[in-house]
Amino acid sequence: MNKKSPFAVALVCVLTCFLAIPFDSFALPDAQNQRAGEVSRVIPAVNIMRGAKSITANAKTSVDWLDVVNTQASGRARISLDDGSVLNVGSDSSLKVVKHDAGAQQTDLEVTVGKIRSQAQKISQPGGKFEVHTPAGVAGVVGTDFYVDYENNVMTVMVFEGVVKVCNLAGVCVEIKAGQFTTVRNGDSSGPAAPNQATLSALSDAVASTTLESGPNLGQVHHITKGTAIAIGILAAIPLVVIPIVATHGSGSTPSSVPKPTNGCPTGYPVC
C-alpha cells in the first residue's frame, strides 16, 4: 500500500483552499467608502445614492467614490472635492463620482443627465486627469473652468477658462478654448462639432443654471472665476464696439458731413 507524502497532502490542501477563495478577494479594496470630498452647499432637494442606500444631502455631507448625486427640479448642489476642485450641479441632474484621487490628481465623473459646472484644479501631476463622461462622449480638462450639459442625447461643453479636450466615444476629439462651445451627439461617430463662439446669453445661462447663489440673474451671481468674468465681459462689449462702427460706415456719410461745434471736434466729443 502506497503512503502519501505529508508534503504532498499539505500541498493539495493549500491548493484546494486557494481555489475555494473567490478571486475577487484578492482584488484591490472596493472604491466605495473612499472619500472624494463633501457637499458644501445644497438647495433642496438633493440626495446621494451610496450603493442601495439613499442619503439626504446637507452641507458637510461626505461624498465618496461611486456615490451618485441626484438633484430634483428644485435642487442644486455644490461639491468641494478634496483637491480643491468645485463641482456645481444643476437641477434635474445625476452625477456619479467614479473616482477622485486628490494626491494623484485622477478624477473621473459621469453625468447621465443634466448640467454640471466644474472648476478643476490645474493638473500638475504626471498622468493626472480630470474627465467628465456622458453617454455621448468625454470632456477632459486641460484648463480649469468648464460646463457640461447632457440632455436629449446631446452633450454640450462650454469653456469659461483654459482649454478643454472634448471627444466622442469613437475617440474623435476637438479642443475648445475660453468663450467657445461644442456639442457631441450620442452615437455620432463623425466627432464633436467644430468649436464655436458662445453667445453672451448662453454663457450667462450656463452660469445661472449651475450657481447656488440667490436669484437667477447674472448680476446676482458671485461664484464666478476671473476667466468667466473676462469671457462674459468681452462678449458684452462686442456690440458696444461693433454697432457704432457699422452705423458710422453703413450710413454712407463722410467725415466732412459730421457737424462740428465751435471747438472743432465732432458732435458728442468734447475733446479731440
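Computed from the coordinates by the stated procedures, all read-outs in this text should not be read as laboratory data. Predicted model, so just to flag it, every value in this text is computed and none were measured. With ideal geometry, Cβ positions are generated from the backbone for all residues, glycine too; neighbour counts draw on all protein chains shown.
Structural remarks
- Put simply, the amide H of Lys99, placed in the peptide plane, has neighbours under 5 Å in Leu66, Asp108, leaving out anything fewer than 5 places away on its chain.
- Net charge, Lys53 excluded, C-beta distance under 12 Å - Lys, Arg +1, Asp, Glu -1: -1
- Paramagnetic label zone (point 7 Å from Cα along Cα-to-C-beta, Asn153; backbone N under 19 Å) in region 112-135: 112-114, 134-135
- Under the Karplus curve 6.51 cos²θ - 1.76 cosθ + 1.60, θ = phi - 60°, whole-Hz ³J(HN,Hα) for region 110-125, x wherever Gly or Pro sits: 10, 10, 8, 6, x, 10, 8, 10, 10, 10, 8, 5, 4, 6, 10, 7
- Gyration tensor (alpha-carbon) shape descriptor, region 36-84, a/c threshold 1.5: oblate
- Under-5 Å amide H pairs with Thr112, H placed in peptide plane, nonlocal only: Ser94, Lys96
- The local environment of Val111, defined by Cβ-Cβ distances under 15 Å, has a net charge of -2 under the rule Lys, Arg +1 and Asp, Glu -1.
- Ranking of Ile176, Ile43 by count of other Cβ atoms within 10 Å, fewest first: Ile43, Ile176
- In this simple spin-label approximation, Ala52 and Gln197 carry label points 7 Å from Cα along the Cα→Cβ vector, and these lie 5.6 nm apart.
- For Lys129, the residues 5 or more places off, or on other chains, whose built amide H falls under 5 Å of its own are Gln106, Thr107.
- Coil-residue trypsin sites (Lys or Arg not before Pro) of region 31-131, DSSP, other Cβ within 10 Å capped at 16: Lys60, Lys122
- The ranking of Val42, Val163 from fewest to most other beta carbons within 10 Å of each one's beta carbon is Val163, Val42.
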